[in-house]
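A short write-up of the structure that comes next.
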Amino acid sequence: MAASFHLFFIIFLSGFAAFPIFSFVYANANTTQHSWTPINHHLYHSGEGLIEKIKSLVHRHPDKLTVETIQAGTKDYKADITVVTYSQNWEQSGDKSKLRILLSFGQHARELISSELALRILSALGEEQFPPEMDPASLYDILENVVIKIVPMENLNGRKIVDAGELCERRNGRGVDLNRNWAVDWGKKEKDYDPAEEYPGTAPFSEPETQIMRELAVSFNPHIWVNVHSGTDGLFMPYDHKKSTPDGLQSQRMRQLLDELNVLYCSKRCLVGSGGTAVGYVAHGTATDYMYDVVRVPMAFTFEIYGDDKASGADCFKMFNPIDQTTFKRVLDQWCASFFTLFKLGPVCLM
């Protein structure tokens, strides 16, 4: 029997929650949606190619950068996560007075621009490609008292699926949404829950990727956490699982920092606030809520760095990633600069 086609109304999910792109699309009832725009390989690396390029960059700058690969899993499913650490002085890298920053990119497989931004930031940290309008002297001053750990591609197994042609895939290599697999409010499902998008796994931390990230966060004990996604333009703080922000002075400082970044780099167009409030959709079991509530990271954020709200709901590559050179460069320059402002302002906000 020929497969039937249905017309339906779909809400696509961004990094932590559903962002409101509404499109009428045709989909085969027995298959996943197919992208209309292919990956632009003149702009984007493959997942494995990007990791290799980052390792080469690190090896050129052993005075500032180190790299390690952390593995976890079972005989049935394994995951590797590459972690790059930046410090200007390795003898002082364990100094508890230094600001510790943990950044994660590529948690959702289809959001290729996220990991490209990780490479761009590392190029700046290696002093190979500076952020726009920033001179080397000011960069040195900003970074003198920080230690930064960067996970450039949290979901390499899922990314391999995207590289093979499934451009709408956001989950890991066995179909789990890594940003629903954390313990805070895990497993709760909204009325429009779609397992093809948001399956949270069999239990909190059922996935080796989230196990690695949890252990990394606990051992590093960062002052600042940022989970970088695409799907819209947004600067978000806790909470994702409810429509409110935390109480207290530190929450106010987080909001002030996001407002500042919104003015400087988003021309006030970014959505700002708690994930559950700013987007209007709550998400359960997210990394940022866990970092804030359990790991007790003082400043925990989710940044959404790009979204094409005019793209068809079936055109996943275009929806989540810039497709032309001009926009690609603008997004990377803009958000790279915003991170260095975060590195500069972070200590002030933590006083």
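Taken together, LYS191, LYS242 contain a single residue that is in a loop (DSSP other than H, G, I, E, B), in contact (Cβ under 8 Å) with a residue 12 or more places away in the chain and open to solvent by 40 Å² or more (accessible area, probe 1.4 Å), which is LYS242. With respect to GLY307, is the statement that it is open to solvent by 10 Å² or more (accessible area, probe 1.4 Å) and at pLDDT 95 or above true? Yes. All of (1) crowded, with 19+ Cβ neighbours inside 10 Å; (2) part of a helix (DSSP H, G or I) hold for PRO322 with one exception: (2). Just to be sure I understand, how many residues within region 194-216 are touching a Phe, Trp or Tyr at 6+ places or on another chain (Cβ under 7 Å) and surrounded by fewer than 22 Cβ atoms within 10 Å (Cβ to Cβ)? Residues in region 194-216 being touching a Phe, Trp or Tyr at 6+ places or on another chain (Cβ under 7 Å) and surrounded by fewer than 22 Cβ atoms within 10 Å (Cβ to Cβ): 3 in total.
Determine whether VAL295 is assigned to a strand (DSSP E or B), over 21 Å from ARG171 (Cα atoms) and not aromatic (Phe, Trp, Tyr). Against the criterion (assigned to a strand (DSSP E or B), over 21 Å from ARG171 (Cα atoms) and not aromatic (Phe, Trp, Tyr)), VAL295 does not qualify. Within region 329-343, residues that are under 16 Å from GLY307 (Cα atoms) reach partners that are hydrophobic (A, V, I, L, M, F, W, C) and buried (at least 22 other Cβ atoms within 10 Å of the Cβ) with beta carbons closer than 7 Å, at six or more positions or on different chains, in the pairs VAL331/ILE113; VAL331/ILE305; LEU332/LEU117; TRP335/LEU117; TRP335/ILE305.
Report whether or not LEU65 is modelled with pLDDT of 95 or more and touching a Gly at 6+ places or on another chain (Cβ under 7 Å). Taking the combined requirement at face value, the residue satisfies it. Is it true that SER267 is among the polar types (S, T, N, Q) and part of a loop (DSSP other than H, G, I, E, B)? Criteria met by SER267. Flag set for PRO200, criterion: farther than 23 Å from TYR44 by Cα, within 18 Å of the chain's Cα centre (by Cα), in a loop (DSSP other than H, G, I, E, B) and not aliphatic (A, V, I, L, M).
When every residue of region 146-158 is checked against the conditions, none turns out to be over 22 Å from MET213 (Cα atoms) and either of a type in the set (Phe, Trp, Tyr) or open to solvent by 10 Å² or more (accessible area, probe 1.4 Å) (or both). In this entry, GLY106 passes the filter for residues that are surrounded by 24 or more Cβ atoms within 10 Å (Cβ to Cβ), in contact (Cβ under 8 Å) with a residue 40 or more places away in the chain and of a type outside the set (D, E, K, R).
Does ILE39 count as surrounded by fewer than 22 Cβ atoms within 10 Å (Cβ to Cβ) and among the hydrophobic types (A, V, I, L, M, F, W, C)? Taking the combined requirement at face value, the residue satisfies it. The residue that is least open to solvent (accessible area, probe 1.4 Å), counting only those in region 259-284 that are of a type in the set (D, E, K, R) and touching a residue at least 24 places away in the same chain (Cβ under 8 Å), is GLU260. Residues in region 106-147 that are of a type in the set (A, V, I, L, M, F, W, C), closer than 18 Å to ILE51 by Cα and outside any helix (DSSP H, G or I): 1 in all. Taken together, GLN256, GLN252 contain a single residue that is more than 17 Å from the chain's Cα centre (by Cα), part of a helix (DSSP H, G or I), in contact (Cβ under 8 Å) with a residue 60 or more places away in the chain and surrounded by fewer than 18 Cβ atoms within 10 Å (Cβ to Cβ), which is GLN256. The listed residues are ASN172, ASN179, ASN157, and the only one of them that is part of a helix (DSSP H, G or I), farther than 26 Å from PHE339 by Cα and among the polar types (S, T, N, Q) turns out to be ASN157.
Scoring TRP335 on the criteria (1) in a helix (DSSP H, G or I); (2) hydrophobic (A, V, I, L, M, F, W, C); (3) surrounded by fewer than 22 Cβ atoms within 10 Å (Cβ to Cβ) leaves a single failure, condition (3).
The values are calculated or read from the model by the stated rules, or taken from the named source; none is laboratory data. Quick caveat: nothing in here was measured; it's all calculated off a predicted structure. Don't worry about glycine lacking a Cβ; one is built from the backbone with ideal geometry, like all the others, and counts go over all protein chains shown. Please note that ligands, DNA and RNA were not included when accessible areas were found on the heavy atoms of the full protein model with its side chains. Shrake-Rupley method; radii C 1.70, N 1.55, O 1.52, S 1.80 Å.
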